[in-house]
Amino acid sequence: MIRSRLHRDAGQAFPIYITVVAGLLFLALAYLAVGQAAVRRSDAQTAADAAALAAAQKTRDQLAGLWLDDLDDPTKWQAIFDGQGGGDFCWRAVQLGAQNDAEAHCAPDGPLSYVVDARTIKSVGDSIVPGTENVHATAHAIAVIEKLCTFTLPSGDGGGDSLPPLTCRGGKVWNPKPDDTTGLPKPEDLFDVHLADSPANDH
């Protein structure tokens, strides 16, 4: 009698056990799907950030080169610091996006900023959530080129042997000389490149 009851109780508990195990397995697969999606979103954001920064860095280098070319004509400096002649380096953003397994769509946002939208080439992948095999993560990034130096033009035509000193970030003062290109500020001294939603950092 007791043995029969134990056998009957065990038989009743078995379906409950199966249900609990199935539920736990479903939850584990659901967490895995969420994790896969999070990884893809992170990949997309990394690609977008890198692409936007790469385009901005190329523009920074271009502007720094223009400043060096026009070192002896300080009347042209302000236009350079305002981004004129920096060019469009969205091709560099596309290149960096591809290196990070993403499609990057880039557009200049004025002379000193780039906007990038990235889409991962790889999808989220198969999971218990229907359709994830066709879902691709996307991300958005904005990179800004920030001028770091100010100067005051001398009276007259701005020519001669004397150039105006540059006062840059942190109060650093540079005294460029038209006949001496050594000891001049580097591109990162003239311009900072950073993501619009993050603190300014040197790159």
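The values are calculated or read from the model by the stated rules, or taken from the named source; none is laboratory data. Keep in mind the model is a prediction, meaning the values are calculated, not measured. Neighbour counts run over all protein chains shown; Cβ positions are idealised from the backbone, glycine included.
Taking the stated definitions as given, is Lys186 surrounded by fewer than 19 Cβ atoms within 10 Å (Cβ to Cβ) and modelled with pLDDT of 90 or more? Taking the combined requirement at face value, the residue satisfies it.
Across the stretch 189-203, the qualifying residues are those that are at pLDDT below 95 and not hydrophobic (A, V, I, L, M, F, W, C), and the one among them that is surrounded by the fewest Cβ atoms within 10 Å (Cβ to Cβ) is Pro199.
Can you pull out every residue in the stretch 29-73 that is at pLDDT below 95, hydrophobic (A, V, I, L, M, F, W, C) and in contact with a Pro (Cβ under 7 Å, 6 or more places away or on another chain)? Leu71, the sole residue that qualifies. Of the residues in the stretch 1-13, at least one is at pLDDT below 55, of a type outside the set (Val, Ile, Thr) and outside any helix (DSSP H, G or I). Among the residues making up the stretch 84-115, those that are closer than 13 Å to Ala56 by Cβ and acidic (Asp, Glu) are Asp88, Asp109.
Scanning the stretch 53-98 for residues that are touching a residue at least 40 places away in the same chain (Cβ under 8 Å), buried (at least 19 other Cβ atoms within 10 Å of the Cβ) and outside any helix (DSSP H, G or I) yields Gly83, Gly86.
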